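Every number in this text was worked out from the coordinates using simple rules, so none of it is lab data. Keep in mind that what you see is a predicted model, and the values were worked out from it rather than measured. Note: ideal-geometry Cβ built from the backbone for every residue, glycine included; neighbour counts use all protein chains shown.
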Amino acid sequence: MMNSRTNPSRRKFGAHIATGSALAVAGGLIGMPAIAQGRRKITFLLDIGAYGKHAMFYPGIDRGFFKEAGFDVSVEAAKGSADNAIKVAAGSADFGFCDTPTSILARGNGANVKQILMVHYKAMNNVVTLASNPVVHPRDMMGKSFGATAGDAPRVALPALAKMNNFDAQKVEIVTIEGSAKPAVLMAKKATGILGLSAFAPVYAAAAEKTGEKIVQMLFSDFGLDLYSNGIIASDALIAKDPGMVRAFNQAMVQSIIYACDNRDEATQMFVKHHPLANPKIARAQLDVAVDHLLVDEVKADGVGPMSQKKMAFTLDIVREFYGLKGNVRVEEIYSNDFVKPNQRPTRSRA
């Protein structure tokens, strides 16, 4: 983990800048850029502990995009997207990497956050099975058992998938397990498959390879449940208080993401430098999954970051009908394109 110091208050920050300015005057350094006089400390909260899909954020640190924007960014981990949204809403973190349905639910519960830059344009909800007993269509799930954690996103979304694909979700057995047990449960065939996120598919693939097996992945998004997933969130309070800072952070983040898409080996090396216990091969494969869920037709048309009102409204409708959304949440409250420039794209489709 990087610098974990908490953000100074605006008063302390102002005092810090004032002190820096005074020293600059005393030393005859008035002409130096403001960034040399002190950078604003920012806490960026991941959804969970860092793994390979998060490598796209590390060029922002190691290539200096955050520094050039005037920020000293500390990357920290949340205990899931719900925890992430609560902490960002409370001001414990400035920005978060949060699942969109979860941020919508948080808003319904009074945590006023919104998506300001999309990253996972294609949702990662999936079913992973072994090639010896594959699930290739949602209806294939009936009469079979699947391991999932209590709060797994695809577990929550299963009734919506069932409605869209005309099968009975009650005929699918869900076995509650710990996330760390998923590879072992799959390999031991204690369940037909695993519900989870496609970013973890490389972990299952590596485990299967050791036993001479291969995995088969079925994405919910390929069968109608194409929701927005993880993006960058900020609180309404921060957006109102300092929109310029939000815009500058977003721009640095887009630069980081695009650099990682175009330079995946290097981005993986940056990630492993900060997280030396990570497996470089798996981390690279997980970054590839993340990029694949970013480089969709929408991004090819509009660039990294902006969101479609139509798709966001669809995401909201699904959350309202199937996720137990409270309150009268409106689509214009849950996202904003005001803080990201359009038409910024990676230059390579593969790297």
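Quick notes on this structure:
- C-alpha long axis of helix 280-292 to longest principal axis of the chain, angle in °: 90
- Rounded to 10°, Cα long-axis angle of helix 201-210 versus longest principal axis of the chain: 50
- Using the Karplus relation 6.51 cos²θ - 1.76 cosθ + 1.60 with θ = phi - 60°, the per-residue 3J(HN,Hα) values for the range 326-334 come to 9, x, 9, 7, 9, 4, 5, 8, 9 Hz, with x marking Gly and Pro.
- Using Cβ point charges alone (K and R +1, D and E -1), the dipole size of the chain about the Cα centre works out to roughly 500 debye.
- Once backbone amide H atoms are built at 1.01 Å from N, residue 42 has 72, 73, 74 as its partners under 5 Å, excluding neighbours fewer than 5 places away on the same chain.
- Reported label for calculated P(r) over Cα pairs in 10 Å bins from 0, in percent given [x] 5, 24, 32, 24, 10, 3, 1, 0; [y] 5, 18, 20, 23, 20, 10, 3, 0; [z] 5, 22, 29, 24, 15, 5, 0: [x]
- Remark: the range 298-309, residue by residue, has Karplus-estimated 3J(HN,Hα) of 4, 6, 4, 8, 10, x, 6, x, x, 10, 8, 4 Hz, where x stands for each Gly or Pro and the curve is 6.51 cos²θ - 1.76 cosθ + 1.60 at θ = phi - 60°.
- Of 347, 149, the sequence from fewest to most neighbouring Cβ atoms within 10 angstrom is 347, 149.
- Here is the list for the range 196-301: trypsin sites (Lys or Arg not before Pro) lying in DSSP coil, each with at most 16 other C-beta atoms within 10 angstrom of its C-beta, are 214.
- Tilt relative to the chain, helix 243-262 - C-alpha long axis, 0 to 90 degrees, to 10: 60
- Amide H contacts under 5 Å for residue 115: 335, 336, restricted to partners 5 or more places along the chain or on a different chain, H placed in the peptide plane at 1.01 Å from N.
- Using the Cβ-Cβ distance between residue 210 and residue 137 with R0 set to 41 Å, the FRET efficiency works out to roughly 0.90.
- Dividing the summed helix terms, -39500 (n - 2.57) for each DSSP H run of n ≥ 4, by the number of residues in the chain produces a 222 nm estimate of -12000 deg cm²/dmol to the nearest 500.
- Here the gap between residue 181 and residue 169, fully extended at 0.36 nm per residue and compared with their Cα-Cα distance, gives a gain of 2.0 nm.
- Beta bridges per DSSP with both ends in the chain, % antiparallel, nearest 5: 55
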